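Where a number appears in this text, it was derived from the coordinates with a stated rule and is not lab data. All of these numbers come straight from a predicted model, not from anything done at the bench. No Cβ is skipped: glycine too gets one built from the backbone with ideal geometry, and neighbour counts run over all protein chains shown.
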2 protein chains.
Amino acid sequence: MNRLADSTKPDAAPNGGGRMAGEERRQQIVRVAMRLFSQRGFSGTTTKEIAREAGVSEAMVFKHFATKEELFNAILDHKACAGDMGHACAALAEAIERGDDRAVFEGLAQTVLHFHEHDTDFARLLLHSALQGHELFQMFWQRNVRETANFLRTYIAGRQQAGALRDVEPMIIARAFVGMVVYHSLVNVLFDPQRTLLDIPNEQAAREFTEILLHGVVKTPAAAPVKTKSSRKAKTVSVKRK
Amino acid sequence: MNRLADSTKPDAAPNGGGRMAGEERRQQIVRVAMRLFSQRGFSGTTTKEIAREAGVSEAMVFKHFATKEELFNAILDHKACAGDMGHACAALAEAIERGDDRAVFEGLAQTVLHFHEHDTDFARLLLHSALQGHELFQMFWQRNVRETANFLRTYIAGRQQAGALRDVEPMIIARAFVGMVVYHSLVNVLFDPQRTLLDIPNEQAAREFTEILLHGVVKTPAAAPVKTKSSRKAKTVSVKRK
DNA sequence: GTCTATACACCGATAGAC
DNA sequence: GTCTATCGGTGTATAGAC
């Protein structure tokens, strides 16, 4: 499935063989195509545009990719593997072990927000493919979103049995939290990129969303002092509002 | 802006004049076009398809709408006005007056979820237009989402001054809640229509999300009994999980 | 390996008959 | 009002020269 050997490095240097110009050119076409597809959609982008922006003739595009669809698949295929959530959850292992709910949720939010912020093109492309019912979106859903949701459900269920969390269907809690985070990204990269409503750094967003999920917004004097470790005071938030 | 008189009735009967066939035909074209656009996108849909599905010749489409773009605009134009959030907030006036936070948030969630569930095509169309940066999405954003967000901010700020809610930036609270609701709809209509992860009725979703927003998920024995009026017990949730 | 030139189909839009 | 026929333009994909 993963045709490109090193999907993490953006511009791989010629490591072994000599005919690297072809592969390099191929990757450049993929990059350009991803940008254009993410902006105008699949049907809205012409192979002519892709060729021109990549600085090659249109025939070159069809040398590397037999059809336009194959080019599209190469992009999703390439990125779907790179964006794996597995190692992200692994990075949270220590917090999970401690049962530090705040660190777990906040860390997860950080990861997702960071991913969306630094790979806007791919996020938009995912939406496009979801809308057109592309099969490779299903793959991404199964492999990343579903996996993350199930991880969260398991973690939450464990914490409920430990008596730390209220007895609500774990999947609903997971969806509520993922919803806050994903919608926030959606607004930032798609709905309101100019931040006419609200502009807050990712770190603060992750912190506040976690706080809301864990303790809600109702002022209950008894609940406030229940902080796990570091006594965070999210009082004077730095928010730029227009 | 609102060219169609009665936007609520799906198939209006000839009420007064005699030349209703034209207007009726026009509305039918709009309906078909909306369905196809929402499924395949703007560039992905051909005028030929629209004509065929509507049971007319392609030329007829261009009689009613000079260009394909004009047809697209007519849809968004038509629906953007229909989906106004103003009256929805008005329906919550009584709950707002009482400061019944639970009723306010739950009612708002109900409205949004119901809207998305019964107008899936339009929801998808909105995403399409947002992705392609169509100017009429901006209109929808300004007129509906922004308005709703500002209403929520005002309400939350008022409740904070009344000492009922914690002192968090109101816009963040609003976004967190809208995020839960909108993401839930997004999953239902777009990401996972088969409900492979979670399938809960709108009423329950609205209730649980409100509960989470207000009280969080941490088990604090002191916070649990703080119920406003009706003592709801959301213990045995009916969730179908696969 | 890269380009120019082109085949072929389709799409949006129009003209004009009925 | 509705249709058939068709035009100009564009899109994907290919052939063949360099």
Taking the label point as lying 7 angstrom from Cα along the Cα-to-Cβ axis, what are the distances from B:Ala21 to the corresponding position in the remaining copies, in ascending order and in nanometres? 6.7
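To the nearest 0.05, how large is the calculated FRET efficiency for A:His87 and B:Ala21 if R₀ is 51 Å and r is the Cβ-Cβ distance? Before the final figure, lay out each step's value.
Working: r = 62 Å, r/R0 = 1.22.
My answer for the efficiency is 0.25.
Can you give the net charge of the other residues whose Cβ lies under 13 Å from the Cβ of A:Leu125, counting K and R as +1 and D and E as -1? Let's see the in-between values first.
On the way: positive: A:Arg31, A:Arg35, A:Arg40, A:Lys79, A:Arg124; negative: A:Asp77, A:Asp119, A:Asp121.
Value of the local net charge: +2.
With 26 Å as the limit, write out which pairs from B:Lys48/B:Lys79; A:Lys68/B:Lys63; A:Lys68/B:Lys79; A:Lys219/B:Lys219; A:Lys48/A:Lys79; A:Lys48/B:Lys48 have Cα-Cα distances beyond it, or answer none.
On the way: B:Lys48/B:Lys79 23 Å; A:Lys68/B:Lys63 34 Å; A:Lys68/B:Lys79 34 Å; A:Lys219/B:Lys219 15 Å; A:Lys48/A:Lys79 23 Å; A:Lys48/B:Lys48 24 Å.
Table pairs above 26 Å Cα-Cα are A:Lys68/B:Lys63; A:Lys68/B:Lys79.
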Which order do the peptides B:61-70, B:35-44, A:181-190 take when ranked by the mean count of other beta-carbon atoms within 10 Å per residue, highest first? A:181-190, B:35-44, B:61-70
If you find the alpha carbon centre of the range A:169-195 and of the range B:104-130, how far apart are they in angstrom? 15 Å
